[in-house]
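Below: one structure, written as structure tokens.
The values are calculated or read from the model by the stated rules, or taken from the named source; none is laboratory data. Because the structure is predicted, anything quoted here is derived from the model rather than measured. Please note: Cβ atoms are built from the backbone with ideal geometry, for glycine as well, and neighbour counts cover all protein chains shown. Each accessible area value is taken on the protein alone, full model and side chains, heavy atoms only, with ligands, DNA and RNA left out. Shrake-Rupley method; radii C 1.70, N 1.55, O 1.52, S 1.80 Å.
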Amino acid sequence: MKIAIIGAGLSGLSCALTLEKHGLSADLFEKQKDIGYDFKIAQLMTPILHAPVDDMIQFLSEKYDIHLKPTTNIQKIHVHSPNESASVEGKLGFINMRGNHKEAYEKQLADQLITSRIYCNHHVTHEEVSKEYTHIVLATGETLDTDQIQPFQIDFKSTIVGAIVRGKFLRTEVHTWFDTELAPKGLVYFLPHSETLGTLVLIYPQYDEMMAKKKETLWSIALERASYTLKQSLTIEEDFSKRDYVVGKCQYPRIGNTFFTGNCFGAVTPFLGFGQTGSILSGIYAAQDMCGIGNYEKLCKPLYKDYQDSQVLRKTIERLSNDQFDFVTKVLRVKAVESMVTHKNNKSLKMLSHLLKPFSR
Ligand SMILES: Cc1cc2nc3c(=O)[nH]c(=O)nc-3n(C[C@H](O)[C@H](O)[C@H](O)COP(=O)(O)OP(=O)(O)OC[C@H]3O[C@@H](n4cnc5c(N)ncnc54)[C@H](O)[C@@H]3O)c2cc1C
């Protein structure tokens, strides 16, 4: 068995690590000159979206012997609507760095590899590597690469605008803003990664009716609102933006001996556009199949289910007016509702969908 992994990102590296733990190794091809995107960004992993696992870091460590060190753990998530604010408290997940940051998750994963080889500066195609390798893992993070081999169902594309900002922050507290003026059918969120630095992100779907909106205008409103809520003037250190970020899924997780992992599989869930958990898990599952200890298609089923639940939530959120956002935020302040959303082992995504159901009509 000769295994090639195209893309040394979250799913490709998790796959390689799992292969090694079962006595196999792989060649990883990475198009960049180093591991990680060419910009810095903080990202979030929260059990609210992926219950029943409460602590993904502990889970990956204990179950798969994959060890990740997040930047901070989250104790509080503030939810802001146009005129209301609420917060949920508890063990709400982790913030980690990605890209060209020295503690980026992809760097941490690469450091744990022993026998596999990473070939940086190697931009390869499926066709090229298939001449030499018996098994291929498509882990490029690009759904267009999947589309060359099988249809990739696109549910929508998003625009993401963000920046690393400087200020004075409580590092265990995340902020989210739901407001149609600020992020039409989307949201703005702030992830602190130290007492002085944080990542502010605006994300919204590129539906036809949104094309008239200028991302620069929305971003400046987002920055202003975040500064107002956080009671300080935020200074931009480094910014980034991405258009056409695809949310969708592939039809077949595996075709022949080609495995589709991470974004190439459809790991990005529709509600918030988050895909780290699904990417790491799909990489692990693909490796388990190659090692003969699992069936990739079967292992991926819960990921498809998460996707569907998340899609229901997105559709509901998209229908809410600002008055309804205010109402839902007020409801969140009720302790019983807060604990329902954050309760251990609950299917929180389902709970949230249920809570918002009255507004979907
Ligand atoms: C701005 C932004 C913010 C996000 N925020 C969050 C968040 O807060 N929480 C969350 O859970 N998710 C978030 N996500 C999603 C998450 O980053 C992805 O779902 C996840 O990184 C996908 O993992 P992957 O392995 O599929 O691809 P990646 O981790 O992107 O890795 C793919 C790798 O393949 C390489 N590559 C591409 N093509 C080739 C080729 N032809 N040959 C060789 N190498 C190639 C790339 O250079 C890259 O290193 C965010 C995404 C973006 C863009």
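Any chance segment 30-38 includes a residue that's more than 8 Å from the ligand (Cβ to nearest atom), open to solvent by 20 Å² or more (accessible area, probe 1.4 Å), on the phi < 0 side of the Ramachandran plot and of a type in the set (S, T, N, Q)? No - not one qualifying residue is present in segment 30-38.
For segment 127-148, a residue qualifies if it is aliphatic (A, V, I, L, M) and either buried (at least 16 other Cβ atoms within 10 Å of the Cβ) or in contact with a Gly (Cβ under 6 Å, 6 or more places away or on another chain) (or both), and the qualifying residues are VAL129, ILE136, VAL137, LEU138, ALA139. Among the residues examined, ALA8 qualifies as over 23 Å from ARG333 (Cα atoms), surrounded by 17 or more Cβ atoms within 10 Å (Cβ to Cβ), modelled with pLDDT of 95 or more and near the ligand (Cβ under 9 Å from one of its atoms).
Criterion applied to TYR296, TYR285 was being touching a Lys or Arg at 6+ places or on another chain (Cβ under 7 Å), surrounded by 20 or more Cβ atoms within 10 Å (Cβ to Cβ) and more than 19 Å from GLN43 (Cβ to Cβ), and the one residue passing it is TYR296.
Residue-by-condition table, conditions (1) among the β-branched types (Val, Ile, Thr); (2) in a helix (DSSP H, G or I); (3) within 27 Å of TYR133 (Cβ to Cβ):
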residue: GLY248; (1), (2), (3): no, no, yes
residue: TYR252; (1), (2), (3): no, no, yes
residue: PHE271; (1), (2), (3): no, no, no
residue: PHE274; (1), (2), (3): no, no, no
residue: GLY278; (1), (2), (3): no, yes, yes
residue: GLY283; (1), (2), (3): no, yes, yes
residue: ASP289; (1), (2), (3): no, yes, yes
residue: ASP306; (1), (2), (3): no, yes, no
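When you look at ILE236, is it within 21 Å of GLY99 (Cβ to Cβ), open to solvent by less than 80 Å² (accessible area, probe 1.4 Å), assigned to a strand (DSSP E or B) and within 12 Å of the ligand (Cβ to nearest atom), yes or no? Here the answer is no, as ILE236 does not meet what is asked. Does ASN263 qualify as being surrounded by 15 or more Cβ atoms within 10 Å (Cβ to Cβ), modelled with pLDDT of 95 or more and under 20 Å from THR159 (Cβ atoms)? Answer is yes for this residue. Of all residues in segment 185-200, those satisfying the criterion of being within 16 Å of the ligand (Cβ to nearest atom) and either in contact (Cβ under 8 Å) with a residue 60 or more places away in the chain or crowded, with 24+ Cβ neighbours inside 10 Å (or both) are GLY186, LEU187, VAL188, TYR189, PHE190, LEU191, PRO192, HIS193, GLY198, THR199, LEU200. In segment 308-323, of all residues being surrounded by 17 or more Cβ atoms within 10 Å (Cβ to Cβ) and in contact with a helix residue (DSSP H, G or I) (Cβ under 8 Å, 6 or more places away or on another chain), the one that is modelled with the highest pLDDT corresponds to LEU320.
Summed over segment 201-218, residues that are part of a helix (DSSP H, G or I) and either over 26 Å from GLU237 (Cβ atoms) or open to solvent by 30 Å² or more (accessible area, probe 1.4 Å) (or both) total 6. When ILE255 is evaluated against the numbered criteria (1) more than 16 Å from the ligand (Cβ to nearest atom); (2) in contact (Cβ under 8 Å) with a residue 24 or more places away in the chain; (3) among the hydrophobic types (A, V, I, L, M, F, W, C); (4) open to solvent by less than 60 Å² (accessible area, probe 1.4 Å), which criterion, by number, is the only one it fails? Among (1) more than 16 Å from the ligand (Cβ to nearest atom); (2) in contact (Cβ under 8 Å) with a residue 24 or more places away in the chain; (3) among the hydrophobic types (A, V, I, L, M, F, W, C); (4) open to solvent by less than 60 Å² (accessible area, probe 1.4 Å), the lone unmet condition for ILE255 is (4).
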